[in-house]
Amino acid sequence: MNFKEFWQRYKGEIVKLLVTHAALAVFSIMCTSPLLVLDTKGNESSVNTIILIVTVLVFIFYYYLIRSQLWMLGAKNKISADGGRLKLNPLAGLYMGLFASAPSFLLNIVNIFAYFYKDYEFWRRIYGVSNLIEVLWDAPALGLIIVTGSPFAYITVSVLPALFAGIAYYCGVKGFSLFGVPKNR
């Protein structure tokens with residue numbers, strides 16, 4: 001399957017992954033924002049631990065959202081492949097996840113580059129804008145940023161959804177599920 005065929009077949013799923021990411025960003029902000037206004041004098045480590053736990057739970061929820069979408073697609077594609085209507089590619093879920101993560105990857109590159117050159121006025125402005133967009137778009141990693149203080153923590157929001165999509169699709173193709181078969185809508 002070439003790129004054009006892949007895009008025509010899966011662009012709707014990629015858009016759904018982007019919408020899921022946006023919705024999860026709002027959910028992440030809602031989950032972590034009450035913890036950001038706490039008075040942390042003397043108990044920073046406890047609050048950081050709670051923020052990190054919330055971040056891990058958000059990523060688990062993110063996997064579940066992606067899994068419910070792509071597991072079913074993998075299972076449907078397996079049936080189509082068994083019927084001879086489709087050539088099955090078990091890595092299609094990973095490719096869809098990478099396409100859906102492309103905006104995050106690009107934002108990560110700009111943000112990391114601007115972070116290292118923020119001593120210069122131009123890059124300080126770029127860093128300020130890119131960091132604001134990064135905090136809003138890649139909010140699931142907000143806890144990791146708070147705990148580590150590193151701009152590299154945002155890369156987890158780019159890499160993990162692609163891996164989640166690949167795993168969910170592959171499991172759907174193989175008919176394997178850790179949490180039971182998702183219900184057909």
Task: Among 122, 113, 99: highest mean-square fluctuation, GNM of the chain, C-alpha pairs under 10 Å - done: 122
Task: Under 13 Å from the Cα of residue 174 - aspartates and glutamates, other chains or at least 8 residues apart - done: 82
Open item on the list: Which log10 I(q)/I(0) values does the stretch 11-69 give at q = 0.16, 0.23 Å⁻¹ under the Debye formula, counting every alpha carbon as one identical point scatterer?
Closed with: -0.57, -0.89
TODO: Return the inverse of the average 1/r over all pairs of distinct C-alpha atoms in the stretch 35-185, which is the Kirkwood hydrodynamic radius, in Å to one decimal.
DONE: 17.3 Å
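Please list, by residue number, every one of the trypsin sites (Lys or Arg not before Pro) in the stretch 1-64 that is coil in DSSP and has at most 15 other beta-carbon atoms within 10 Å. Present the calculation step by step, with values, prior to reporting the outcome.
Numbers: sites: 4, 9, 11, 16, 41; in loops: 41.
Counting only loop positions with at most 15 other Cβ atoms within 10 Å, the trypsin sites (Lys or Arg not before Pro) in the stretch 1-64 are 41.
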Open item on the list: Taking the full set of protein chains and a 1.4 angstrom probe, give the accessible area of residue 127 in square angstrom, rounded to the nearest 10.
Closed with: 40 Å²
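On the accessible surface of the chain, probed at 1.4 Å, how many percent belong to carbon and sulfur atoms?
On the way: 7280 of 10600 Å².
Within the chain, the accessible surface is 69 percent carbon and sulfur.
Considering only protein heavy atoms, what per residue accessible area in square angstrom results for the stretch 1-127 with a 1.4 angstrom probe? Present the calculation step by step, with values, prior to reporting the outcome.
Values: 7660 Å² over 127 residues.
Ligands and nucleic acids excluded, the result is 60 Å² per residue.
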Task: Alpha-carbon Debye profile of the stretch 107-185, log10 I(q)/I(0) at 0.18, 0.20, 0.22, 0.26 Å⁻¹ - done: -0.75, -0.84, -0.94, -1.15
Task: Lys, Arg +1 and Asp, Glu -1 on Cβ, resulting dipole of the stretch 59-171 about Cα centre, debye, nearest 20 - done: 420 debye
Task: Where labels lie 7 Å past Cα in the beta-carbon direction, separation of residue 47 and residue 106 in nm - done: 3.6 nm
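Per-residue ellipticity at 222 nm for the chain, helices alone: DSSP H runs ≥ 4 residues times -39500 (n - 2.57), over residue total, nearest 500 deg cm²/dmol? Mind showing how you got there, number by number?
On the way: 6 runs with 142 residues, N = 185.
The helix-only estimate for the chain comes to -27000 deg cm²/dmol at 222 nm.
Take the cross-link list 4/118; 11/78; 11/87 and give me the ones stretching past 29 Å between alpha-carbons. Mind dumping the intermediate values first?
Details: 4/118 39 Å; 11/78 19 Å; 11/87 17 Å.
Over 29 Å apart, Cα to Cα: 4/118.
In the neighborhood of residue 70, defined by Cβ-to-Cβ distances under 10 Å, what is the net charge if each Lys or Arg adds +1 and each Asp or Glu adds -1? Intermediate values should be presented prior to the final figure.
Working: positive: 16, 67; negative: 13.
In short, +1.
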Open item on the list: Could you report the accessible area of residue 171 in Å², rounded to 10, computed with a 1.4 Å probe on the protein chains as they sit in the structure?
Closed with: 20 Å²
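Once you order the gyration tensor axes a ≥ b ≥ c over the Cα atoms, which shape class does the stretch 34-123 get: rounded for a/c under 1.5, otherwise prolate or oblate by comparing a/b with b/c?
On the way: a/c = 5.40, a/b = 1.71, b/c = 3.15.
Cα axes put the stretch 34-123 in the oblate bin.
The values are calculated or read from the model by the stated rules, or taken from the named source; none is laboratory data. Computed from a predicted structure; not experimentally measured. Glycine also receives a Cβ, built like all others from the backbone with ideal geometry; neighbour counts cover every protein chain displayed. We work out accessible area using only protein heavy atoms, side chains counted, and drop any ligands, DNA or RNA first. Shrake-Rupley method; radii C 1.70, N 1.55, O 1.52, S 1.80 Å.
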